[in-house]
Amino acid sequence: KEVTAPPSALNMNHTKGGLVIFTANSHPSGRELGKRIAERLGVELGKVQVYQEANRETRVQIQESVRGKDVFVIQTVSKDVNTTIMEMLIMVYACRTSCARSITGVLPYFPYSKQCKMRKRGSIVSKLIASMMCKAGLTHLITMDLHQKEIQGFFNIPVDNLRASPFLLQYIQEEIPDYRNAVIVAKSPSSAKRAQSFAERLRLGIAVIHGEAQDAESDQVDGRHSPPTVKTTGAIHPSMEIPLLIPKEKPPITVVGDVGGRIAIIVDDIIDDVDSFVAAAETLKERGAYKIFVMATHGILSSEAPRFIEESAIDEVVVTNTIPHELQKLQCPKIKTVDISMILSEAIRRIHNGESMSYLFRNIGVDD
């Protein structure tokens with residue numbers, strides 16, 4: 001009898017206890033990525049109910065057996081990020097208490113990833129989230145383009161940090177006809193490594209914008225750089241004085257590199273508050289760039305971002321579907337989406353079959 005299942009499904013090894021894919025998101029838009037992944041793998045999504053009770057408590061009811069099976073929980077970040085985390089934790093714990101063989105979390109965008117450094121008297125929230133996920137029963141994590149790669153070290157389970165750059169590079173080559181006349185732009189020196197990675201792969205030049213308004217990522221707001229306001233002489237000898245760090249002074253905005261008569265492609269990992277991108281676009285227009293694209297992996301696009309993009313000098317914003325943004329696309333036609341379900345489904349297939357993941361990390365260097 002002829003088999004008509006998709007090729008990826010034919011390679012699936014069901015002898016190890018089977019594969020179950022759940023989406024932990026109670027919001028319909030969040031389940032779209034899970035459906036795409038399940039379709040590529042040739043399997044049905046697992047039966048589960050995730051909903052909010054009247055008192056805003058999250059309830060999860062798994063409606064099929066997961067005993068001895070490899071469970072993959074796909075969770076995309078919705079507007080209510082804290083509910084998203086609780087849905088994930090409760091579902092993972094439910095699978096653990098139902099005797100699943102392994103539980104792999106698939107979080108294309110890792111929430112709270114920007115809070116991965118100690119700032120003043122704050123806390124490293126990424127570490128807290130990682131500890132909670134491990135405690136709930138997660139045995140493996142698949143994510144994409146972590147804000148800082150060092151976040152992997154917060155987990156005591158294996159973490160696969162996949163990259164979206166091959167899909168974004170393919171978009172540039174196929175959808176921007178005269179991309180050979182482009183220059184890759186870093187909107188701040190902190191994103192210069194990512195821009196360099198794109199530029200070297202596309203054989204293009206690079207430009208860096210320096211001197212924009214102070215952003216929250218700078219280490220000036222780090223608690224280690226906040227000296228006491230009053231000299232304390234009780235603990236140290238009166239003759240000793242700790243030298244104070246000279247305060248930073250931002251230079252006027254300059255663009256290092258030539259963008260005149262070129263297409264400018266700004267690259268970053270997250271686009272959320274778009275003020276810095278809009279300001280960068282205006283600077284590039286003043287310097288002679290005739291078309292401006294913004295490429296990012298995670299399109300959070302919160303608050304008034306779609307309106308600001310629509311009114312700005314930016315011609316197109318290209319993001320992946322790690323985060324649902326259908327509503328933002330309706331508000332702003334400049335926003336385009338690249339589908340990354342292919343690499344996530346392949347990662348799930350390889351982990352389930354016990355195959356090497358190195359194929360998905362080909363040609364990826366330390367700085368990528």
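The values are calculated or read from the model by the stated rules, or taken from the named source; none is laboratory data. All values derive from a computational prediction rather than experimental measurement. So basically every Cβ, Gly included, is an ideal-geometry build from the backbone, and we count neighbours across all protein chains shown. The protein model used for the area step is the full one, side chains on, heavy atoms only, and it has no ligands, DNA or RNA in it. Shrake-Rupley method; radii C 1.70, N 1.55, O 1.52, S 1.80 Å.
Could you check segment 339-368 and list, in sequence order, the residues that are free of Cβ contacts under 8 Å to residues at least 12 places away in the same chain, surrounded by 13 or more Cβ atoms within 10 Å (Cβ to Cβ) and part of a helix (DSSP H, G or I)?
Within segment 339-368, 350 is the sole residue that qualifies.
Identify, please: which residue in segment 311-338 is touching a Leu at 6+ places or on another chain (Cβ under 9 Å), part of a loop (DSSP other than H, G, I, E, B) and not hydrophobic (A, V, I, L, M, F, W, C) and is, among those, surrounded by the most Cβ atoms within 10 Å (Cβ to Cβ)?
322
Which one of these is surrounded by 19 or more Cβ atoms within 10 Å (Cβ to Cβ), in contact with a strand residue (DSSP E or B) (Cβ under 9 Å, 6 or more places away or on another chain), farther than 27 Å from residue 196 by Cα and at pLDDT below 95: 83, 104, 76?
Matching residue, one of 83, 104, 76: 76.
Collect the residues in segment 91-101 that are assigned to a loop (DSSP other than H, G, I, E, B), surrounded by 15 or more Cβ atoms within 10 Å (Cβ to Cβ) and among the hydrophobic types (A, V, I, L, M, F, W, C), keeping them in residue-number order.
Listed by number, the list holds a single entry, 100.
Quick one: in segment 107-154, of everything that is touching a strand residue (DSSP E or B) at 6+ places or on another chain (Cβ under 6 Å) and β-branched (Val, Ile, Thr), which residue is most open to solvent (accessible area, probe 1.4 Å)?
Only one residue tops the list, namely 139.
I'm trying to understand the selection: among the residues of segment 112-143, which are of a type in the set (S, T, N, Q) and either part of a loop (DSSP other than H, G, I, E, B) or under 20 Å from residue 323 (Cβ atoms) (or both)?
113, 115, 123, 126, 139, 143
Scan segment 156-169 for residues that are outside any helix (DSSP H, G or I) and open to solvent by 20 Å² or more (accessible area, probe 1.4 Å) and jot them down. Even if it seems obvious, please write down each step before you answer.
Of all residues in segment 156-169, those outside any helix (DSSP H, G or I) come to 156-164.
Answer for segment 156-169, where residues must be outside any helix (DSSP H, G or I) and open to solvent by 20 Å² or more (accessible area, probe 1.4 Å): 156, 157, 158, 159, 160, 163.
Can we say residue 256 is of a type in the set (Val, Ile, Thr), in the same structural domain as residue 175 (by the TED database) and crowded, with 18+ Cβ neighbours inside 10 Å?
So residue 256 fails the test.
Taking only segment 270-289 into account, find how many residues are open to solvent by 10 Å² or more (accessible area, probe 1.4 Å) and either part of a loop (DSSP other than H, G, I, E, B) or in contact with a Leu (Cβ under 8 Å, 6 or more places away or on another chain) (or both).
Going through segment 270-289 one residue at a time, the tally reaches 4.
For a quick check of your reading of the model, give me the residue pairs whose first member lies in segment 27-50 and is acidic (Asp, Glu), whose second is not in a strand (DSSP E or B), with beta-carbon atoms closer than 7 Å and at least 6 apart or on different chains.
Correct list of pairs: 32/324; 44/38.
Could you list, in sequence order, the residues of segment 170-190 that are touching a Phe, Trp or Tyr at 6+ places or on another chain (Cβ under 7 Å) and open to solvent by 10 Å² or more (accessible area, probe 1.4 Å)?
173, 187
Being open to solvent by less than 80 Å² (accessible area, probe 1.4 Å) and in a helix (DSSP H, G or I) is the filter; apply it to segment 31-69 and report the residue that is modelled with the lowest pLDDT.
Out of the qualifying residues, it is 31.
Quickly run through segment 259-302 and pick out the residues that are small (Gly, Ala, Ser) and farther than 22 Å from residue 322 by Cα.
260, 261, 264, 279, 280, 281, 288, 289
Closer than 23 Å to residue 33 by Cα, at pLDDT 95 or above and among the hydrophobic types (A, V, I, L, M, F, W, C): is that true of residue 267 in this structure? First the steps, then the outcome.
Details: closer than 23 Å to residue 33 by Cα: no; at pLDDT 95 or above: yes; among the hydrophobic types (A, V, I, L, M, F, W, C): yes.
For residue 267, the condition - closer than 23 Å to residue 33 by Cα, at pLDDT 95 or above and among the hydrophobic types (A, V, I, L, M, F, W, C) - is not met.
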